[in-house]
Amino acid sequence: MTKIRFLLLSLLLAPGLALASGGEVHMKSAQVDLDDKAALQRGASLYMSYCSGCHAISYHRYSRLSEDLGLTPEQVEQNLIYNDQKIGETMNTGMNVADATAWLGKAPPDLSVEARAKAQGADWIYNYLTSFYVDEARPTGWNNTVFPGASMPHVLWELQGIQHAKTEPKHKNAKGEAEACEMGEYKGECIIGFELSEQPKPRMTPEQFDRVAKDITAFLAYVGEPNAAKRESTGVWVVLFLAFFTFLAYLLKVEFWRDVH
Ligand code: HEC
């Protein structure tokens, strides 16, 4: 009997254990909440101001923003459309690909499904946006620990302020070989964190900037899966149903075993 109980218990716990042991990721969570309309609205506005000049979201129409984010079409037209596009059009950029490539060395990619494209999901974007640091050796003057060698400049630096890499010499293993750096390297040393310059004074406190990065991330997560909010609520019912079904199966099992003993 104990064996069976053990078996049942391990069956119940197995999915949890599998999840807990899954890929170790050193990323801060963006705590994306697709039901937080205010955050998505702020994210949309920030995105249009700071990102849409270079990046398109060509799978998404402006009209969808009005339907999903609780805005009137007029609000979208007045606050979120910066170029001469119409509300029924997809969110394209004014940037010409050839110009962008000539200027930055790379064309800014379309961000329609960016939040889904990375193994770490939307968290990747949040960590990327907060991980720019000064690196004079790079053409843009910036480097990034999440995306080393990125050809995108730190477009939010006035809000965040200027981050410098804090480094320490590489650790050596028993054989005297240098070990790999967790956060990447700067000038031959391991990056262990960032330091914010006091001058020029950032326009935001670290907490305010964190909110900005999270809101933009939430917006891009929403854009990647505009139906996700609905799907998540369906998911809750599915899980509740499964839990209920498991309970029934358990009762049934108790009933069967009563005869056996
Ligand atoms: C000046 C133009 C420019 C602006 C403005 C800009 N980006 Fe970029 N972005 C780029 C370029 C160029 C790349 C490609 C970098 C590379 O591959 O080296 C890029 C890459 C990215 C990537 C990684 C894409 C990938 O998977 O390779 C993300 C995410 C991103 N940008 C988000 C943003 C967000 C969010 C904003 C607004 C806060 C923004 N970008 C503003 C030019 C820009």
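The values are calculated or read from the model by the stated rules, or taken from the named source; none is laboratory data. Just so we're clear, the structure is a prediction, and the values are computed from it rather than from any experiment. For neighbour counting, all protein chains shown are included, and Cβ atoms are generated from backbone atoms with ideal geometry for every residue, glycine included. Heavy atoms of the whole protein, side chains included, go into the accessibility calculation; ligands, DNA and RNA do not. Shrake-Rupley method; radii C 1.70, N 1.55, O 1.52, S 1.80 Å.
Computed values, structure above
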quantity: Yes/no for ASP99 being within 19 Å of the chain's Cα centre (by Cα) and either open to solvent by 20 Å² or more (accessible area, probe 1.4 Å) or on the phi > 0 side of the Ramachandran plot (or both); calculated: no
quantity: Residue count, the range 187-210 (criterion: within 30 Å of ALA38 (Cβ to Cβ) and assigned to a strand (DSSP E or B)); calculated: 2
quantity: From the options LEU40, LEU7, LEU19, residue that is at pLDDT 95 or above and either over 20 Å from ASP210 (Cβ atoms) or open to solvent by less than 60 Å² (accessible area, probe 1.4 Å) (or both); calculated: LEU40
quantity: Residues of the range 118-146 classified as without any contact (Cβ under 8 Å) to a residue 24 or more places away in the chain, loosely packed, with under 15 Cβ neighbours inside 10 Å and within 11 Å of the ligand (Cβ to nearest atom), total; calculated: 0
quantity: Selected residue (only one of ALA221, ALA213 is over 19 Å from THR145 (Cβ atoms) and outside any loop (DSSP other than H, G, I, E, B)); calculated: ALA221
quantity: Options GLU89, GLU158: the member that is away from the ligand (no atom under 13 Å from the Cβ) and either surrounded by 14 or more Cβ atoms within 10 Å (Cβ to Cβ) or not β-branched (Val, Ile, Thr) (or both); calculated: GLU89
quantity: Residue in the range 176-183 that is under 19 Å from LYS28 (Cβ atoms), open to solvent by 60 Å² or more (accessible area, probe 1.4 Å) and either at pLDDT 95 or above or part of a helix (DSSP H, G or I) (or both) present; calculated: no
quantity: Residues satisfying the stated conditions in the range 154-176, i.e. closer than 17 Å to PRO108 by Cα and free of Cβ contacts under 8 Å to residues at least 24 places away in the same chain; calculated: HIS154
quantity: Some residue of the range 210-225 being polar (S, T, N, Q) and either open to solvent by 60 Å² or more (accessible area, probe 1.4 Å) or more than 19 Å from the chain's Cα centre (by Cα) (or both); calculated: no
quantity: Any helices (runs of 4 or more DSSP H) falling wholly within the range 79-152 and containing at least 1 residues that are more than 23 Å from ALA221 (Cβ to Cβ); calculated: 97-104
quantity: Subset tally (residues that are assigned to a helix (DSSP H, G or I), open to solvent by less than 20 Å² (accessible area, probe 1.4 Å) and either free of Cβ contacts under 8 Å to residues at least 60 places away in the same chain or of a type in the set (Lys, Arg) (or both)) for the range 43-65; calculated: 3
